[in-house]
Amino acid sequence: MELFKGTNFDFLGKKWPFIIASLTLTAAGLVSLAMKGGPRYGIDFRGGVNMYVKFAQAPPIEKVRAALSAKIPGEITVVEIPGTQELIVGTELQDEKELAVVRQTVTDVLSSNFGQTAGKLDLHNSGVQKLADRLRDPLGRASAGLNEQQLQELSKAVLDFRDGAPNFGIIPSLDRLSGVAGVTPAVLNVLKQEVALSPFVIRSVEIVGPKIGNELRNQAIMATIYALAGMLIYIAFRFEWVYGVAAVLAVFHDTVITIGLFSIFNKEISLTVVAAVLTLVGYSMNDTIVVFDRIRENLKVMRKETFDNLVNLSINQTLSRTVLTSGLTLLSCLALWMFGGPVLDGFAFCLVAGIIVGTFSSIFIASPILIWWKKWADSRGPATGGAGSLAGAGAEAKKPAARRESVKAAK
């Protein structure tokens, strides 16, 4: 399928506005990174805690943020997951030993501001042992005493009911517990006296220690560098070294601009973003190689064509493929960015920005580098200009004349 046939757009004749725009974006990103002291790393890299908090009603985001910021030092992030009545609460963590303290602080702050339990045990944020300890004596006084094993089994059954479908952590009413195995009317009466239902529950906690965060950050940087180095070696072997240099410079350009955009828009760089960057590296490199491969093919059959025109023709010949692949991929990533929610925001934003920048870099960055190198090699004379198929494209057309001269000299 071809969207465009026989196009003859002068891409390289219009390269300077795009190159200037690229330099401007690069400079703006680097200035932003310098002013902010580097990228804004997520909890994955700097170390911290992510708590997933579910509310019974629509969560009051600003009130939660203000309440937590007043009690917990350091940066606090509160992000809503659309359609779930859940918040992701992120806090910094200097030491893994602080996890229990931070979690308890978050629970206490939310309880004091949004869920007064009047001294009762918060059933939504308690474990089996806490519930068993709270019920042991009251059940005995109510003549509904259980041995230790029965008490543990009862507590576990109640919490399993809380966490399973359709409650998923939030029980609308204690009366719902009447259907739980072991909850007799006497036990239910004790539960109503001893426990309360706060309007929120901390569903899960993710933790990354500072040391692990540093290791992950270093590994992410090395993974990107190794990917670029491996592609440089492959392209140098498959084509010529200058093709590899041009492709790697274009991909490096894409990566720098994308990271710069993250800094400009104050977005976090997390492990999912690193995955998107590596995806971008491969995608942009593939797009560049398609153009380079067409240039190499045309060098064999258009030996009398100037190199500038040959490169421009090659870009036009691959234009339909570029629009189809990049356009469809971009639409998918736009959908992820618009409807994927905060969890996928960084990943999708990276792909959207990277695909746009990577597509134009294959045309307006990588290809001009090849042309610049050809002109530079020609200016150095035959010793340099005749090295390899790229530089020797014009020399091929002169071989028949050179052959006649050699035959004449022999006679």
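Annotations
- Neighbours by Cβ (under 7 Å, 6+ apart or cross-chain): first from region 313-327, closer than 13 Å to residue 362 by Cβ; second among the basic types (Lys, Arg): 314/294; 318/294
- Pairs meeting the criteria (first residue in region 290-306 and over 19 Å from residue 250 (Cβ atoms), second residue of a type in the set (Gly, Ala, Ser) and not in a helix (DSSP H, G or I), beta carbons under 7 Å, at least 6 apart or on different chains) are 303/397; 304/397.
- Candidate set: region 105-164, residues that are touching a Gly at 6+ places or on another chain (Cβ under 7 Å) and aliphatic (A, V, I, L, M); chosen: the one nearest to residue 69 (Cα to Cα): 157
- Some residue of region 124-137 being farther than 29 Å from residue 109 by Cβ, surrounded by 15 or more Cβ atoms within 10 Å (Cβ to Cβ) and not basic (Lys, Arg): no
Residues checked against (1) at pLDDT 95 or above; (2) under 22 Å from the mean Cα position of the chain (by Cα); (3) farther than 18 Å from residue 273 by Cα:
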position: 11; (1), (2), (3): no, no, yes
position: 21; (1), (2), (3): no, no, yes
position: 26; (1), (2), (3): no, yes, yes
position: 34; (1), (2), (3): no, yes, yes
position: 43; (1), (2), (3): no, yes, no
position: 47; (1), (2), (3): no, yes, no
position: 51; (1), (2), (3): no, yes, yes
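- Checking region 213-223 against the condition returns no match, with no residue being touching a helix residue (DSSP H, G or I) at 6+ places or on another chain (Cβ under 9 Å), touching a residue at least 24 places away in the same chain (Cβ under 8 Å), under 30 Å from residue 155 (Cα atoms) and surrounded by fewer than 17 Cβ atoms within 10 Å (Cβ to Cβ).
- Flag if residue 272 is surrounded by fewer than 19 Cβ atoms within 10 Å (Cβ to Cβ) and either at pLDDT 90 or above or under 15 Å from the mean Cα position of the chain (by Cα) (or both): yes
- Residue pairs whose Cβ atoms lie under 9 Å apart, separated by 6 or more positions or on different chains, with the first residue in region 192-205 and farther than 14 Å from residue 110 by Cβ and the second charged (D, E, K, R), are 192/175; 193/120; 194/120; 194/134; 195/120; 195/122; 195/134.
- Region 8-114 holds helices (runs of 4 or more DSSP H) entirely within its bounds, and those carrying 1 or more residues that are in contact (Cβ under 8 Å) with a residue 60 or more places away in the chain map to 15-35, 43-46, 99-114.
- Count - residues of region 297-306 that are part of a helix (DSSP H, G or I) and either touching a Leu at 6+ places or on another chain (Cβ under 8 Å) or hydroxyl-bearing (Ser, Thr, Tyr) (or both): 2
- Per the conditions (1) within 21 Å of residue 54 (Cβ to Cβ); (2) within 32 Å of the chain's Cα centre (by Cα); (3) surrounded by 17 or more Cβ atoms within 10 Å (Cβ to Cβ), the sole criterion not satisfied by residue 115 is (2).
Matching residues to (1) surrounded by fewer than 18 Cβ atoms within 10 Å (Cβ to Cβ); (2) in contact with a strand residue (DSSP E or B) (Cβ under 7 Å, 6 or more places away or on another chain):
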| residue | (1), (2) |
| --- | --- |
| 33 | no, no |
| 57 | yes, no |
| 60 | yes, no |
| 64 | no, yes |
| 74 | yes, yes |
| 77 | no, yes |
| 82 | yes, no |
| 86 | no, yes |
| 90 | no, yes |
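- Restricting 258, 279 to those that are surrounded by fewer than 20 Cβ atoms within 10 Å (Cβ to Cβ), touching a residue at least 60 places away in the same chain (Cβ under 8 Å) and within 21 Å of the chain's Cα centre (by Cα) reduces the list to 279.
The values are calculated or read from the model by the stated rules, or taken from the named source; none is laboratory data. Note that the coordinates shown come from a computational prediction; the quantities given were computed from them, not determined experimentally. Here Cβ is always computed from backbone atoms with ideal geometry, including for glycine, and neighbour counts include all displayed protein chains.
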